[in-house]
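Q: The structure that follows is given in the form of C-alpha cells.
The values are calculated or read from the model by the stated rules, or taken from the named source; none is laboratory data. Since we're looking at a predicted model, the values are computed, not measured. Note that we place each Cβ from the backbone using ideal geometry, even for glycine, and neighbour counts take in every protein chain shown.
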Amino acid sequence: MPIHTERKILPYSASQMFDLVMDVEKYPDYLPWCLDCRVLKKGDGFILANLVIGYKLFREWFTSKVTFEPSSTIHVDYVSGPLRHLTNDWTFTDNGDGTCTVDFYVDFEFKNPVFEKLVGVFFAELVKRMVGSFVIRAEAIYGIKK
C-alpha cells in the first residue's frame, strides 16, 4: 500500500488539534467509514482501542495501540485485525500566531490481496477525505477561523 503524508496549517492551537484527534470515541460521529470505536484500556501515555471500519457490505474491526505526548505527537501501531501492518503518526506544532502545523503520516496494508488492490486504487482520495474530516470537525467544535 502506498504511504501518504500531508501537512496542513490550521487556525487552531496544537493542543486543540491534539485533543480532537485523541478523542477516538467520537470518530464514528464524523470520520468516513468508521462505524464504531471502543477504548479497551487507558494508561499513562497510551490507549488501546478497537475501531470498526466499513463500507457497504464490507465491515472489519482492528485493534491499535495509540501512544502520545500531550499536545505534540500521536503514534498509532497496529495490534490485530485484517491488516498486515499499520503505522500512523500525527505531529502538532504551534506556530506562535494562534495557528498550528499538523503533519500526518499513514502506511497500512491489508492481509486480503483483493481488498488491498481495491483500496489501493482509491487510497490517496480516501486518506485526503479522512484528514479533511478532522478539519471539518475542528471547525464544528472550535468555530471557523480565518
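Q: Within the stretch 88-111, track down each residue that is without any contact (Cβ under 8 Å) to a residue 40 or more places away in the chain, surrounded by 14 or more Cβ atoms within 10 Å (Cβ to Cβ) and not charged (D, E, K, R).
A: Result: ASN88, THR91.
Q: Give the stretch 1-30 a look and list any residue that's in a helix (DSSP H, G or I), over 28 Å from TRP61 (Cα atoms) and among the polar types (S, T, N, Q), or say none.
A: The one that is in a helix (DSSP H, G or I), over 28 Å from TRP61 (Cα atoms) and among the polar types (S, T, N, Q): SER15.
Q: In the stretch 24-52, which residue that is among the small types (Gly, Ala, Ser) and within 29 Å of THR99 (Cβ to Cβ) is surrounded by the fewest Cβ atoms within 10 Å (Cβ to Cβ)?
A: GLY45
Q: Would you please list the contacts, defined by Cβ atoms under 8 Å and residues six or more apart or on different chains, that run from a residue in the stretch 31-49 that is aromatic (Phe, Trp, Tyr) to a residue that is in a strand (DSSP E or B)?
A: Taking only residues 6 or more apart or on different chains, the pairs are TRP33/ILE53; TRP33/GLY54; TRP33/TYR55; PHE46/LYS65; PHE46/VAL66; PHE46/THR67; PHE46/PHE68.
Q: Same structure again: If you take the residues in the stretch 74-129 that are part of a helix (DSSP H, G or I) and under 21 Å from VAL24 (Cα atoms), which one is modelled with the lowest pLDDT?
A: LEU126
Q: Filter the stretch 53-76 down to the residues that are surrounded by 16 or more Cβ atoms within 10 Å (Cβ to Cβ) and in contact (Cβ under 8 Å) with a residue 40 or more places away in the chain, then identify the one that is nearest to GLU109 (Cα to Cα).
A: Result: VAL66.
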